[in-house]
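In what follows, a structure is listed as structure tokens, so that the remarks can point back to it.
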Amino acid sequence: MSAADLRTGAAILRALSAASATHLHAHALKLGILPSCLHLCSALLKSDAASGRVAAARQLFDEIPSRDVPLWNALVSAYACSGHPRHALVAASAMARDAGARPNCVSVTSLLSACTQLRSPVHGRELHGYAVRNVVDLDLPMLNALVNMYGKCGRLADARMVFAGIKVGMRSAVSWTSMINACSENERPIEALEVFEEMRIAGVKVDEVTLLAVISACAKLDCTSSLGDWVEQCALDNGFLQNTRVANALIHMHGKMGRVRRSCEIFDSMGFKTVVSWTAIIQALAMNGHGVAALVRFAQMLREGLHPDEVVFLSIINACGHSSLVNEVRQLFKSMVQEYGITPWMEHYGSMVDMLCKAGALDEAFEFVLAMPVKPDPVIWRILAGACRDHGNASLARRVMDHVISMEHDHDGNYILASNLYAADEDWRRVIDVRLDMGVRKGTSRGAIAASYVEVNDD
């Protein structure tokens with residue numbers, strides 16, 4: 001079989017389904033053309049990684065005695081793209097150490113993706129420095145990856161610097177979108193919209209991902225309806241108003257702006273609705289205090305045959321909780337666990353406790369927390385403690401605060417909360433005990449603290 005035939009086979013492999021690729025892999029082994037053809041090996045490795053078979057990709061890689069830079073790049077990319085960023089960095093180190101191969105533009109771009117997943121600006125800056133020193137020509141994908149990495153890692157100034165270094169005529173939609181996201185994710189939504197306006201002036205075609213970034217930025221602003229209308233018009237002008245993902249984002253944005261009627265209009269006009277669509281409209285109704293309407297939408301979703309996930313249940317539980325639909329929340333939580341077999345997140349438990357506390361069912365809330373199959377986090381205990389304070393339930397407050405302080409004995413706020421709870425009940429002995437414990441934890445002797453209380457009382 002000629003080299004041209006093998007390259008053709010590799011190209012065909014990239015277009016095959018995962019099952020077909022597996023059969024071809026087995027057939028190539030039988031013919032004995034693996035691991036001699038690096039083109040085919042690289043294509044098989046990428047196919048394995050794209051199908052989530054990372055272990056198979058690594059096994060194939062280890063069977064190849066002579067590995068070139070593209071093959072190493074395929075392994076690094078496989079790890080980075082399949083959510084194994086640390087493995088990607090380890091593979092790159094082995095590439096330089098064992099094979100004596102220097103990472104190129106492709107390598108660095110994949111590694112920047114790994115750094116982004118790890119939220120590691122230190123490794124990202126090291127890669128940036130390596131690229132400047134060792135890569136002759138920094139290509140656009142690498143520069144885009146740098147902007148994205150710095151933005152995701154909270155280094156907006158560095159993202160701006162890299163973006164500014166890309167000539168305006170060279171910037172792609174990915175370049176602009178990366179910068180828009182960097183601004184938005186670092187709490188600069190107005191700057192994100194300014195970058196978007198520059199993009200439009202530059203004549204770069206707006207794609208779906210860009211529009212989603214812009215809508216996300218708008219949702220972070222405490223803005224007027226005119227901005228919502230403007231971004232919706234942008235979606236219409238660019239042919240994305242009927243795009244499901246864009247419609248979902250617009251529903252969420254209008255909901256945050258308080259324009260729940262517009263959210264409902266967009267939702268009702270959608271030809272195809274996903275679970276995310278239903279979640280978006282339920283959240284929009286919930287954040288605007290329409291718990292009953294959210295419950296109606298949830299019932300409609302079930303009639304449509306869609307299977308609710310953890311996020312949908314969290315949204316509808318919060319919606320009903322905000323509207324004091326206590327019995328409905330109890331039923332929803334029970335249904336989530338027993339009918340749908342969903343394991344609750346800590347947020348589900350927290351929402352249940354918050355709802356019960358607001359309804360004044362403190363004893364039920366306390367029993368609910370004690371019966372949790374997972375260890376409650378301090379936030380849940382503090383919600384319960386705060387409710388005890390608000391409802392004047394001193395006996396339960398003491399039991400709750402014992403749990404809170406035992407979990408976070410270094411948290412000053414817990415001692416202050418306990419002191420205030422006991423002071424409200426005029427239990428001054430406990431107030432002094434809590435203050436003594438807090439002082440001792442900070443290194444002050446109990447005797448010195450007690451003496452200060454005596455001096456204050458004497459005065």
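The values are calculated or read from the model by the stated rules, or taken from the named source; none is laboratory data. Model, not experiment: these values are computed from the prediction. As a convention, Cβ positions derive from the backbone with ideal geometry for all residues, glycine included, and neighbour counts pool all protein chains shown. Please note that ligands, DNA and RNA were not included when accessible areas were found on the heavy atoms of the full protein model with its side chains. Shrake-Rupley method; radii C 1.70, N 1.55, O 1.52, S 1.80 Å.
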Going down the table (Lys205/Lys256; Lys46/Lys256; Lys152/Lys205; Lys273/Lys358), which pairs top 31 Å between alpha carbons?
Lys46/Lys256; Lys273/Lys358
Could you tell me which of rounded, prolate or oblate describes the range 307-352, using a ≥ b ≥ c as the square roots of the eigenvalues of the alpha-carbon gyration tensor, with rounded for a/c under 1.5 and, failing that, prolate when a/b is larger than b/c and oblate otherwise?
prolate
Normalising by the residue count of the range 134-202, find the relative contact order in percent from Cα pairs under 8 Å and 6+ residues apart.
30 percent
Computed lengthening from Glu367 to Ser93, 0.36 nm per intervening residue step minus Cα-Cα distance
93.4 nm
Accessible solvent surface per residue of the range 31-144, calculated while the other protein chains remain in place, 1.4 angstrom probe, Å²
47 Å²
Sparse-neighbourhood loop hits (chymotrypsin sites (Phe, Trp or Tyr not before Pro), the range 255-334; DSSP loop; Cβ within 10 Å at most 11 others) -> Phe272
What accessible surface, in Å², does a 1.4 Å probe find on Met270, ignoring ligands, DNA and RNA and rounding to the nearest 10?
20 Å²
Ordering Glu367, Glu232, Glu191 by accessible area with a probe of 1.4 Å, largest first, what comes out?
Glu367, Glu191, Glu232
Please work out the average accessible area per residue across the range 151-226, using the 1.4 Å probe convention, and give it in Å².
47 Å²
Let me check I've understood the local charge: for Gly341, count other residues with C-beta under 12 angstrom from its C-beta, Lys and Arg +1, Asp and Glu -1. What total comes out?
-3
Could you pull the accessible area for His391 with a 1.4 Å probe, rounded to 10 Å²?
100 Å²
Cβ under 12 Å from Ala164's Cβ, Ala164 left aside: what net charge do those residues give with Lys, Arg +1 and Asp, Glu -1?
+1
Carbon and sulfur atoms: what percent of the 1.4 Å accessible area of the range 39-165 do they account for?
55 percent
The percentage of the accessible area of the range 180-299 (probe 1.4 Å, all protein chains present) made up of carbon and sulfur atoms, to the nearest whole number, is 53 percent
Applying the gyration tensor rule to the Cα atoms of the range 245-370 (axes a ≥ b ≥ c; rounded if a/c under 1.5, else prolate if a/b exceeds b/c, else oblate), the class is prolate
How high is the FRET efficiency between Asp207 and Gln331 when r is their beta carbon distance and R₀ equals 30 Å, given to the nearest 0.05?
0.10
Could you give the size of the charge dipole of the range 59-139 about its Cα centre, using +1 on the Cβ of each K and R and -1 on the Cβ of each D and E, expressed in debye and rounded to the nearest 20?
320 debye
I need the shape label for the range 351-405. Rule: rounded when a/c is under 1.5, else prolate if a/b > b/c, else oblate, with a, b, c from the alpha carbon gyration tensor.
oblate
Accessible area of the range 248-400 divided out per residue, in Å², using a probe of 1.4 angstrom
46 Å²
